Amino acid sequence: MDKERIESIPTFIDLFSGCGGLSLGFEMAGLTSVLAIDNWQDALVTYEHNRTGARTLCGDLSIVDPFRVREEYQISKVDVIIGGPPCQGFSVAGKRIIEDKRNNLYKAFVGFVDCFRPKAFVMENVPNILGIGGGIVRDSIIRDFEKLGYTINVKVLTASDYGVPQNRKRAFFVGLSGKQGFEFPQPLDTPKVTAYEALCDLTEDTIPEGASYPTEAMSEYQGYARTDSKGVYNHEITIHTERTKEIIRMVPDGGNYKDLPVELQQTRKVHIAWTRLCSTKPSFTIDCGHRHHFHYKWDRIPTVRESARIQSFPDDFIFMCSKTSQYKQVGNAVPPLMAKAIALKLSNTLWQEKK
């Protein structure tokens, strides 16, 4: 590929990248990562494993100097900065929350945008960030970026509207340099992908790493998931106690703790306990850090691969490190197909419409 062609490929930096769900969506849309930064090495091991020549930096973004990063990694141009800064300090309403020291991570995102001055940025977070303190957090975020010369567009999107078999909601701040506006992608005009369509080709039991698929693809979504995949990975089941399996069996497809006998309803002190996926609907938002959600049919929690399918990761995206770490990596990620929808719309706004 000639130098002029290489320089014409849109680029991005992913801050708080995790294993790279947001990155993957932008890569699917034709952009190229020049750097991913996160403070969790396990996630970066997975990020690098799935990308030839990936450049990553493991560091605390509250203290990483973007100007030094630009110099050390010789990054002369970045078109888009993406990422989802953890905003622990946004959990308490009040006039001082913007000055909360825990929000240094969000300020780091602002600092990188200030340093690199990309054409655009995409920042994602939990939906309730928009309403905290009567909107004080949302308004402060918008002001910070407007001071840098960006026009900000904000919206809560639902992943299942974009081909993801999960009803995960995320808030997105999209900023474009100057006065250029941005219209968020419209929901797909197709039936939503169900948990059954996402998972029914995977077995009740463990599949050895790299083994062939046990059946042909049984849905269009499974065809997407299998593209370029050489086999099944990360499908190691969790062995539950007999007592746990007995309780799971009492919960029907799509049910929860309310379907259990009264004396068992409080065996786990969380409202999401004993919840089964519903085979005929997209999954609820998966929480891979706990063991409260179960397969719609099998009496066990979803495997890492099943969880990744629910998040819309293709099967050739392989998760590394311990199984506990893999679950966390999947659960923390932005669904790639959701990110792809935003990236395609952004790419069209920034480049194709100008041709």
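The values are calculated or read from the model by the stated rules, or taken from the named source; none is laboratory data. Being a predicted model, the structure only gives us computed values, none of them experimental. Using ideal geometry, Cβ is built from the backbone for each residue, glycine included, and neighbour counts are taken over all protein chains shown. Calculation scope for accessible area: heavy atoms of the full protein, side chains included, ligands and nucleic acids excluded. Shrake-Rupley method; radii C 1.70, N 1.55, O 1.52, S 1.80 Å.
GNM on the chain, alpha-carbon springs under 10 angstrom: the most fluctuating residue among LYS155, LYS328, LYS179 is LYS179. In order along the stretch 200-212, phi translates into HN-Hα couplings of 5, 8, 9, 8, 5, 9, 4, 10, x, 4, x, 5, 5 Hz, rounded to whole numbers, per the Karplus curve 6.51 cos²θ - 1.76 cosθ + 1.60 with θ = phi - 60° and x for Gly and Pro. Only protein heavy atoms count here; on that basis, with a 1.4 Å probe, CYS321 has an accessible area of about 60 Å². Shown in residue order for the stretch 184-198 are the 3J(HN,Hα) couplings computed by the Karplus curve 6.51 cos²θ - 1.76 cosθ + 1.60 at θ = phi - 60°: 5, x, 6, x, 5, 8, 9, x, 6, 6, 8, 4, 4, 5, 7 Hz (x for Gly and Pro).
Each of GLY231, PRO302, PRO335 was placed along the dipole of the stretch 231-355 (beta-carbon charges, centred on the mean Cα), and the one lying farthest toward the positive end is PRO335.
Show me the ranking of peptides 118-125, 33-40, 63-70 by mean Cβ neighbours inside 10 Å, starting with the highest.
118-125, 33-40, 63-70
Taking all protein chains in place and a 1.4 Å probe, what share, in percent, of the accessible surface of the chain do carbon and sulfur account for? Spell out each step's value before the answer.
On the way: 8390 of 16650 Å².
Reported share for carbon and sulfur atoms: 50 percent.
In terms of its Cα atoms, the stretch 312-355 spans 47, 18, 14 Å along the principal axes, sorted from long to short. Taking all protein chains together, THR46, THR56 sort by accessible area into THR56, THR46, largest first [probe 1.4 Å].
Label the stretch 123-192 by shape, choosing from rounded, prolate and oblate, from the square roots a ≥ b ≥ c of the eigenvalues of the Cα gyration tensor; if a/c is under 1.5 it is rounded, and otherwise prolate applies when a/b is larger than b/c, oblate when it is not. Can you show the working numbers first?
On the way: a/c = 3.50, a/b = 1.55, b/c = 2.25.
Verdict is oblate for the stretch 123-192.
Taking amide H as placed 1.01 Å from N in the peptide plane, the amide H of ALA211 sits under 5 Å from that of VAL232, each at least 5 places away or on another chain. With 10 Å bins beginning at zero, the pair-distance distribution over Cα atoms of the chain amounts to 5, 24, 32, 25, 12, 3, 0 %.
Quick check for me: using +1 on Lys/Arg Cβ and -1 on Asp/Glu Cβ, what's the dipole size of the chain about its Cα centre, in debye to the nearest 20? Before the final figure, lay out the partial values.
Details: 44 positive and 43 negative charges, 212 e Å.
Charge dipole, the chain, about its Cα centre: 1020 debye, nearest 20.
With protein chains left intact and a 1.4 Å probe, residues in the chain average 47 Å² of accessible area per residue.
Taking a point 7 angstrom from the Cα of LYS323 along the C-beta vector, which residues in the stretch 180-209 have backbone N less than 18 Å away? So the set is 202-209.
Taking the chain as a Gaussian network, Cα atoms linked when under 10 Å apart, which of GLN266, GLN326, GLN222 shows the biggest mean-square fluctuation? In the Gaussian network model the winner is GLN266.
Derived scalar couplings between HN and Hα for the stretch 249-258 equal 4, 6, 9, x, 3, x, x, 8, 4, 5 Hz in order, rounded to whole Hz, by the Karplus curve 6.51 cos²θ - 1.76 cosθ + 1.60 (θ = phi - 60°), x for Gly and Pro.
Helix 336-350 versus the longest principal axis of the chain: what angle, 0 to 90°, nearest 10, using Cα atoms? It works out to around 20 degrees. For the chain, modelled as a GNM whose springs connect Cα atoms under 10 angstrom apart, the maximal fluctuation among PHE26, PHE16, PHE116 occurs at PHE116.
Going by the alpha-carbon gyration tensor, a ≥ b ≥ c the square roots of its eigenvalues, is the stretch 178-302 rounded (a/c under 1.5) or, if a/c is not under 1.5, prolate (a/b greater than b/c) versus oblate? Let's see the in-between values first.
Values: a/c = 2.19, a/b = 1.29, b/c = 1.69.
Here the stretch 178-302 falls in the oblate category.
Can you work out D for the stretch 235-287 in µm² s⁻¹ from Stokes-Einstein, where Rh is the Kirkwood radius over C-alpha pairs, the temperature is 37 °C and the viscosity is 0.692 mPa s? Each step should come with its number before you reach the end.
On the way: Rh = 12.1 Å.
The calculation lands on 272 µm²/s.
DSSP assigns beta bridges within the chain; of those with both partners inside it, close to 45 percent run antiparallel. Could you work out the percent of alpha carbon pairs in the stretch 247-341 separated by over 15 Å, rounded to a whole number? Beyond 15 Å sits 61 percent of the P(r) for the stretch 247-341.
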